[in-house]
Amino acid sequence: MKVAIVMGSDSDWPTMKAAADVLTEFGVDFTAQVVSAHRMPVEMIEFGQNAASEGYQVIIAGAGGAAHLPGMLAAVTPLPVIGVPVPLKHLDGMDSLLSIVQMPAGVPVATVSIGGAKNAGLLALQILGAGTTEEALKIREKMVDFQQELKQLAQEKGKKLQAELGK
Ligand SMILES: Nc1c(C(=O)O)ncn1[C@@H]1O[C@H](COP(=O)(O)O)[C@@H](O)[C@H]1O
């Protein structure tokens, strides 16, 4: 099982790293590379067209500003594409969010929040975990553990607040 993490520039990596981290935590194989629709369009199309036969199952694509990368990849691959709007200095990532989320019917991109690369990684894991293979089952079990830990963290936060309030 393999996830492709692609981004328009290496300057996106500090944001995109959170997707890589959660995939590592779950023990899922991934590659991370720069693929730009604007700056290397031919190579980008090639990457998208070959992704499935290369053995990838999900693509996570992050880009900032006029973020065409996720949508253009979705146009040339049958794989699910998860888009991550990367915030830049101007416009706070709203530009990127709107570029990625407003896809025409027929070409879906599963868009996460601005800078939401961790959720992109988790969504990729949930897609992989929805299968019926042993590998998928393992991911699903780990996801259940992850969600259990999340619940405990939320409960601790509640207790902390009550303690602060003296209740
Ligand atoms: N949005 C895109 C695309 C694309 O969509 O193809 N290629 C690069 N970029 C974005 O340009 C921003 C600035 O890039 P530089 O830091 O290299 O100047 C990055 O956030 C990148 O994702």
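Here, each number is a calculation from the coordinates, and none is a lab measurement. From a predicted model like this one, the values you see are computed outputs, not experimental measurements. Backbone-built Cβ (ideal geometry, glycine too); neighbour counts: all protein chains shown.
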Seminar exercise, completed: region 32-58 and region 111-167 have their Cα centres apart by a whole-number Å value of 29
Problem set entry | Order by protection proxy (mean Cβ within 10 Å, highest first), peptides 144-152, 76-84, 116-124 | 116-124, 76-84, 144-152
Exercise. Of GLN49, VAL28, VAL86, which is farthest on the positive side of the dipole of region 2-165, counting Cα position, with +1 on Lys and Arg Cβ, -1 on Asp and Glu Cβ, and the Cα centre as origin?
Worked result: VAL86
Exercise. Of LEU128, ILE139, GLY115, whose Cα points farthest to the positive end of the dipole of region 104-160 (charges on the beta-carbon: +1 Lys, Arg; -1 Asp, Glu; origin at the Cα centre)?
Worked result: GLY115
Seminar exercise, completed: Summed over the other residues with a beta carbon less than 12 angstrom from that of GLN57, with K and R at +1 and D and E at -1, the charge totals -2
For this session: Sum -39500 (n - 2.57) across every DSSP H segment of at least 4 residues in the chain, then divide by the residue count to get the 222 nm mean residue ellipticity, nearest 500.
Result: -16000 deg cm²/dmol
For this session: Percent of Cα-Cα pairs per 10 Å bin, from 0 to the last occupied bin, for region 1-156, please list those.
Result: 12, 41, 33, 12, 1, 0
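Computed FRET efficiency, Cβ-Cβ of VAL107 and GLN152, R0 45 Å: what is it to the nearest 0.05? Show your work: numbers first, answer last.
Values: r = 39 Å, r/R0 = 0.87.
In this case the efficiency is close to 0.70.
Beta carbons within 10 angstrom, averaged per residue: use that to sort the peptides 89-101, 34-46, highest first.
Values: 89-101: 17.5, 34-46: 15.8.
Result, highest mean first: 89-101, 34-46.
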For this session: Please compute the net charge surrounding VAL34, taking Lys and Arg as +1 and Asp and Glu as -1 over other residues with Cβ under 15 Å from its Cβ.
Result: -2
Exercise. Once you list every other residue whose beta carbon is under 13 Å from the beta carbon of GLY166, what net charge do they have if Lys and Arg are +1 and Asp and Glu are -1?
Worked result: +2
Exercise. Under unit Cβ charges (Lys, Arg +1; Asp, Glu -1), what dipole magnitude, rounded to 20 debye, does region 2-165 have relative to its Cα centre?
Worked result: 380
Problem set entry | Stretch gain in nm, segment GLU25-GLU141, where the contour uses 0.36 nm per residue and the Cα spacing is subtracted | 40.4 nm
For this session: Take every Cα pair under 8 Å in the chain that's 6+ residues apart, average their separations, divide by the length, and report that relative contact order as a whole percent.
Result: 21
